[in-house]
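Just so you know, all these numbers are worked out from the coordinates, no wet-lab data involved. Keep in mind the model is a prediction, meaning the values are calculated, not measured. Because the Cβ atoms are built from the backbone with ideal geometry, glycine has one as well, and the counts that use them run over all protein chains shown.
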Amino acid sequence: MAKPVLVVVDDEDTSLQALALELESRYGVHYQVVSGSSAEVALARLAELRAAGADVPLVLADQQMPGMTGTQLLGGCGNIFPPPGAGS
């Protein structure tokens, strides 16, 4: 079975790399770490992960990004990975 995926999103390359490396070093044994440099890239990647049947227990997003805030990104995540019981 594939590892669950942790997604980290930040438009600043230095922060993105640091966060991804930290997550990988701490949790890489049990989780796959995927990073994205924009909210739009992250949403596209999340859609791919959903289509592949991946489990995504965590999305860590910068709040201040051009084009879309972290809050807006997280709202979009709910459309791709609806919470259990949503729509019932």
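By the compact-protein rule of thumb, 2.2 N^0.38 Å, the alpha-carbon radius of gyration of the chain corresponds to a ratio of 1.06. Here the chain carries DSSP beta bridges of which approximately 0% are antiparallel, counting only pairs with both residues inside. Remark on the range 39-88: Rg and Dmax equal 11.2, 35 Å (Cα only).
Between Lys3 and Glu22, the modelled label-to-label distance comes to 1.8 nm, taking each label 7 Å out from Cα in the direction of the beta carbon.
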